[in-house]
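Below is one structure, written out as structure tokens; comments come after it.
Read-outs throughout are calculated quantities, based only on the coordinates presented, and are distinct from any laboratory measurement. Since this is a predicted model, take the numbers as computed values, not measurements. Cβ placement follows ideal geometry from the backbone for every residue including glycine, while neighbour counts extend to all protein chains displayed.
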Amino acid sequence: MSGESNPLDPARPTKRRSRRKPRSRRSKALLVTAWVAAGIVVLGGTGLGYVYFKLNGNIKSVDINQVLGTDRPTNVDNGSEDILVLGSDTRSGANRKLGGGTDDGSARSDTAMIVHVYEGHKKASVVSIPRDTLVDRPLCTDAKGVTHDAASGVMFNSAYSTGGAVCAVKTVESLTGIRMDHYIEVDFTGFQKLVDELGGVEITTTKDIRDSDSHLNLKAGTHRLNGSQALGLVRTRHGVGDGSDLGRIQLQQAFIKALVDQIKDVGVLTNPKKLFDLADTATKAVTTDSDLGSVRSLTSFATGLKSISSSHMTMITMPVEYDRANPNRVVVDEDKAELVWNALKADKPIPAVATKDTARGDAAGVVTPSS
């Protein structure tokens, strides 16, 4: 992870255009849980009476298209697809004891990734957006009809805490000029339960990782992480490396690749109860845009991505630089970020030069698949 597999940050946004088309599945587990959730739904989407309605009732959705209307980047139908995946770190309810923070009644987008699925749905690029990136947040109206003023030089994750999913999508579209075809959000509790249901994820660490805030204590070596440990790993920023958000992104991306590689070995097809339990947990874990707000839609979406394995996934961090006024924040490297957005708009591979010499963390190679 690094120049070609990680970090990012803020500054100003303004662009326009994009592409689309839906579907996804198993190896599509791109984002610690969102992808896994869609994949499990594929396995569970049999349409059997009670099971279908039970799972359908679990899914929460937000009608982003209706709220945002036509004030969005151009929808270019070239066979590709862009999905914004967020990990929500609300400190309320069941998430409070998992969050390692104070319940202040707000929710944040602790993890943010743009998943670009190329035409043919055989490969994907994942661009992580550092939550500490300083951006210009556009004026937006949230799902409840409340309008929020634009703001300059604010942290990226303030978009979600200010106006929820709708404002997060609008901020990403303003930042990239790319229209998001879909939105998937996963919370702490759902992620932890899903990893446990999957039987854990095996990874190897090349250094000790210890972070009391995220309840993580791993010696260098091979581990099968349970849900609590997996959550601690994807959230830690002080347990290893330089303690930056960029380092955390490197750990997240390494974990995702390990997860994608192992999903095929879960073996739920021969165990109906395990299959239902996974589907039940997965559908409870996610909030989606309204176009994916049913088991049938998620199944169709997921089925289209079943051919994407970790070897066909490029993972980078949005090109960023450290903010000169505050080294704990980053700003978007506009020229290099433009190379990334233009490549995705054209459904082309992200050029290596786009991430060369950009800011990055110090946790690359600390976590690797154990196989």
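With 26 Å as the limit, write out which pairs from K144/K348; K193/K306; K123/K207; K60/K273 have Cα-Cα distances beyond it, or answer none.
On the way: K144/K348 37 Å; K193/K306 23 Å; K123/K207 31 Å; K60/K273 23 Å.
Distance filter (> 26 Å) returns K144/K348; K123/K207.
For a test of the definition: using alpha carbon positions, the gyration tensor, and the 1.5 limit on a/c, classify segment 128-182 as rounded, prolate or oblate.
On the way: a/c = 1.61, a/b = 1.15, b/c = 1.40.
It is oblate, given that a/c is not under 1.5 and a/b is not larger than b/c.
Charges at C-beta only: +1 for Lys and Arg, -1 for Asp and Glu. How large is the resulting dipole of segment 151-280 about its Cα centre, in Debye rounded to 20?
180
So how far apart, in nm, are the two label points at V353 and D71 if each is 7 Å from Cα heading toward Cβ?
Inter-label distance under the simple model: 3.6 nm.
For a protection proxy built on the mean count of beta-carbon atoms within 10 angstrom, sort 336-342, 321-327 highest first, please. Can you show the working numbers first?
Working: 336-342: 20.1, 321-327: 12.7.
Listed from highest to lowest mean packing, they are 336-342, 321-327.
By its C-alpha gyration tensor, with a ≥ b ≥ c as the square roots of the eigenvalues, how is segment 164-315 shaped: rounded for a/c under 1.5, else prolate for a/b larger than b/c, else oblate? Write out the running numbers ahead of the final one.
On the way: a/c = 1.78, a/b = 1.18, b/c = 1.50.
Taking the square roots of the gyration eigenvalues as a ≥ b ≥ c, segment 164-315 is oblate.
Based on the mean of other Cβ atoms within 10 Å per residue, sort peptides 126-134, 192-200, 347-355 so the most packed one is first.
126-134, 192-200, 347-355
Quick check on packing: order 211-218, 277-284, 313-320 by the mean number of other C-beta atoms within 10 Å, highest mean leading. List each step's numbers first, then the result.
Working: 211-218: 17.5, 277-284: 22.8, 313-320: 26.2.
Packing proxy ranking, top to bottom: 313-320, 277-284, 211-218.
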